[in-house]
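One structure is given below, encoded as structure tokens.
What follows is calculated from the coordinates using simple rules that are stated; it is not laboratory data. Computed from a prediction, not measured in an experiment: that's the story for all the values here. When we count neighbours, we look across all protein chains shown, and the Cβ atoms used for this are built from the backbone with ideal geometry, even at glycine.
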Amino acid sequence: MGGDRLDYLLPSEVYDTHVHVFDSQLGPYDPARAYTPEEAPLRSLQGFSAGISSTGLPANLVLVQPSPYGVDNRVLLAALQKLHKDGSRNCRAIAVFDPELISDAELGYMHELGVRGLRLNLQASGGEVNHDALINALEVAADRIKQMPGWKIQIYCPAQTWDVIYDTIINLPVEVIADHFGGLKGSSKLNTITDNKTNENTALEQLGFRSLLKLAEKSRIYIKLSGFYRASNLSETGYSDLAPIVRTLVKRVSDRLVWASDWPHTGEGKDRKPEDALNKTEPFRSIDNLLILKKLKEWVGNDEAWCKIMVSNPKALYA
Ligand SMILES: [Zn+2]
């Protein structure tokens, strides 16, 4: 099943909805960053993207402002400009800024370049999320960007957080993008027993899953299928414990799913030491993206859903 390489390579109109550029020639890092990544320039990103497509051409890309740049979007915007100059297709971006400090002119300029949302960065240092602060941040951010056409708020939070912010998101004037499976975890990352059946149920019954599904069913959120290695420990098997989660999502909310490679695959926040933040370079993970795509295609199970996730859903989301 899915053995033919061409079968799971990406279609020509695909959107890779979460990628990063780290390029010291385009701009400086935030002095208060939690880590310093390796370089990941735009041309490497384009090379990676071309390598997993069936046409040998890079995907439509959504650049996401990574935490080491803080609220300085210079590198993000410079990369967007380069993509436009290259004649690349629909290049979009999600920026990070203080909604209480940003001017209308800055928002307008970012929109023109392809920015379509604001990322609230909650977990760069792997710490706990303060719920009151998160609810307040969501409301302030939504109020500031609601007049921007098609703009969304993007968050990455532990799955159980959706139970707490459910009512807030129902009433928010903008839609939300849930990063990396909405924080759901495969059974290998949950504290469970070894019996397979029990494990499958545990993954589907984890806290927050029902709220996440309901929010997607009510068209309040999109869920990004990305960061498989953040949700599962089973790299050898292509993160097979995520299969029941993906199958459930596809069955219930296939119109609200998008895919992303999360290139260049930054490390996990919880291993970081403050004393290393500025002067030690943190390597990227080495990830078998073709194995991930092969498995994902198997779990998604039909071409109609695959095309929605890869092309039409992201096209609508980042219009
Ligand atoms: Zn990322």
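Pairs linking a residue in segment 50-71 that is free of Cβ contacts under 8 Å to residues at least 40 places away in the same chain and buried (at least 20 other Cβ atoms within 10 Å of the Cβ) to a residue that is of a type in the set (D, E) and not in a loop (DSSP other than H, G, I, E, B), with Cβ atoms under 9 Å and 6 or more positions apart or on different chains, are P58/D16. Quick one: would you say T17 is hydroxyl-bearing (S, T, Y), over 26 Å from D276 (Cβ atoms) and buried (at least 16 other Cβ atoms within 10 Å of the Cβ)? Considered against the rule, which asks whether it is hydroxyl-bearing (S, T, Y), over 26 Å from D276 (Cβ atoms) and buried (at least 16 other Cβ atoms within 10 Å of the Cβ), T17 comes out as yes. Residue check: P149 meets all listed conditions (1) of a type outside the set (D, E); (2) surrounded by 16 or more Cβ atoms within 10 Å (Cβ to Cβ); (3) part of a loop (DSSP other than H, G, I, E, B) but one, namely (2). Highlighted here are the helices (runs of 4 or more DSSP H) found entirely within segment 203-319 that include at least 1 residues which are closer than 28 Å to G47 by Cβ and touching a residue at least 60 places away in the same chain (Cβ under 8 Å): 228-231, 289-300, 303-307, 313-317.
What about D262, is it in contact with a Ser or Thr (Cβ under 6 Å, 6 or more places away or on another chain) and more than 16 Å from the ligand (Cβ to nearest atom)? No: the conditions fail for D262. Here segment 216-230 is the region considered, the condition is being closer than 16 Å to I245 by Cα and more than 10 Å from the chain's Cα centre (by Cα), and the residue that is nearest to the ligand (Cβ to nearest atom) is R230. Looking at this structure, is R247 among the basic types (K, R) and within 30 Å of G70 (Cβ to Cβ)? No; evaluated as a whole, the condition is false for this residue. Mind counting the residues in segment 20-44 that are more than 20 Å from the chain's Cα centre (by Cα) and hydrophobic (A, V, I, L, M, F, W, C)? Result for segment 20-44: 2.
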